[in-house]
Amino acid sequence: MCIFVKFKLCIEMNKLELDYNSTYVSLNLIDELDYVIGEYGKPNLTFIYTLNAFLEAFVLNSIFYISEQEFKHMQLLSKSLFPSGRPILELLSKTNSMKAISGIGNNIGQVVSIIKHDTNNPISYQEKIAEFIENGIDTKIAREKYLTLSDLNRKVEKLKFLNIGKVEDGLIALESTNTPEDFFNALNKATYYSNVQSVLPFYSYKQQITQTKIRGISKEIIKGITNIFEKKQDAINQYFGCYNQQIPPLVNILLSQCNSINDIPDKLLQLRHDFTNLRKSIITYEKRINESQNIKEQIDALEEYNEFWKLFNKKYTNSSRLVFNFWDLAEDSNLDQSIDNAIDSGSYSNIVEDLNLGKVIGKSVKKLLEYSNEKRIINRFRGITDLWKLFNDSPNVKDHIKNYERIFNVELDIESIDRLKKIEQK
């Protein structure tokens, strides 16, 4: 059975909110995983990051999104790129949790081929598509044009996607070109009002960090509060900025259970199953955060959730991901008044209790709230694999590398790892 039949597609048209506890997974990152775990080629150093980022998402998130453009491209070229099968894509399809988001990517394409079909045969179009999916194009050509792998020594400047559409006298194959920056910016725009995470290839990591940090206007809140409560800056950052969320060393857990690459898909699925209750708790938290009537309720939910994470991770050696909280501040939110009250009482909690309900919202979302008559505070957060923690020298990382070398039959030199750390620090 073809992969595209097993893939359950759901196009989310013009929706501002995606599913709770969801993540966007780049098709290019899935390609990297299938290339290595499908044993089409050996991993390079950046694959350490690729595997960690994907496994974190696969275990901790409930719903997986790709773009509609990537979905159509995947349908057409999976057989050409990976003739012996796609273990990771097939694994994702088994979860019945994959969906597609429309409106991401450059849909303007260059015609690269014209395919004739019988206009008198109403099923000719479907037959031609099925024929192309089955036969595709030469694997070597497909990989040269469409397989994009992260590499420390090569900057990725273009992403190409293929699509086939109807014209009056036949079919045309269109090739659309995106830069990683443009594609990521389109993803950010489409998911701006949701809590959806994103799992991107290593070459997009810098942009992901940069764009995530500057989102919203949370810094205005932090600046106003920390001027008064300098000693409480760490506590304030926990709510209004970024912090490290501890997670189990998932890749090390996975690889330690495997004897070979062929064991990875089944062990991945089992690991996801083991963390089912955790994913349910994350959904409960996100729902509670978004349905809270005021900022105090949201912070109470956040404190309860952080306590859950601490207890959950006690039995594991700590690794982490960066979590960014975005609290958007509108005009006349009574921030000044709430700070004055906090000064009088000496209590930090007064700040969040006194903020005017419905005023801690983004300026750009005012019209949306007026249109839909929603009066709630919006909190958005994103989690990103923390490379600094991942590559920092620790016993956990040493075990990680040892298992990585054993499973993939490669050797990782210390100089390359140090180079990767320096790139990440920049």
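The values are calculated or read from the model by the stated rules, or taken from the named source; none is laboratory data. Everything numeric here is computed off the predicted structure, so don't read it as measured data. No Cβ is skipped: glycine too gets one built from the backbone with ideal geometry, and neighbour counts run over all protein chains shown.
Points worth noting:
- Hits in the stretch 42-65 (condition: farther than 30 Å from Lys402 by Cβ and buried (at least 24 other Cβ atoms within 10 Å of the Cβ)): Tyr65
- Scope the stretch 234-273; condition at pLDDT below 75, more than 25 Å from the chain's Cα centre (by Cα) and surrounded by 14 or more Cβ atoms within 10 Å (Cβ to Cβ); matching residues: Ile236
- Given (1) over 30 Å from Ser320 (Cα atoms); (2) at pLDDT 90 or above; (3) out of contact with any strand residue (DSSP E or B) (no Cβ under 9 Å at 6 or more places or on another chain), index of the condition Glu134 fails: (2)
- Comparison of Glu175, Glu181 shows that the only residue that is surrounded by fewer than 20 Cβ atoms within 10 Å (Cβ to Cβ), at pLDDT 85 or above and not in a strand (DSSP E or B) is Glu181.
- Test: residue in the stretch 90-105 that is at pLDDT 90 or above, of a type in the set (Ser, Thr, Tyr), under 30 Å from Arg406 (Cβ atoms) and over 16 Å from the mean Cα position of the chain (by Cα): yes
- Taking the conditions (1) surrounded by fewer than 12 Cβ atoms within 10 Å (Cβ to Cβ); (2) of a type outside the set (D, E, K, R); (3) at pLDDT 60 or above in turn, Thr385 satisfies each one other than (1).
- Residues within the stretch 168-194 that are without any contact (Cβ under 8 Å) to a residue 24 or more places away in the chain and among the β-branched types (Val, Ile, Thr), tallied: 1
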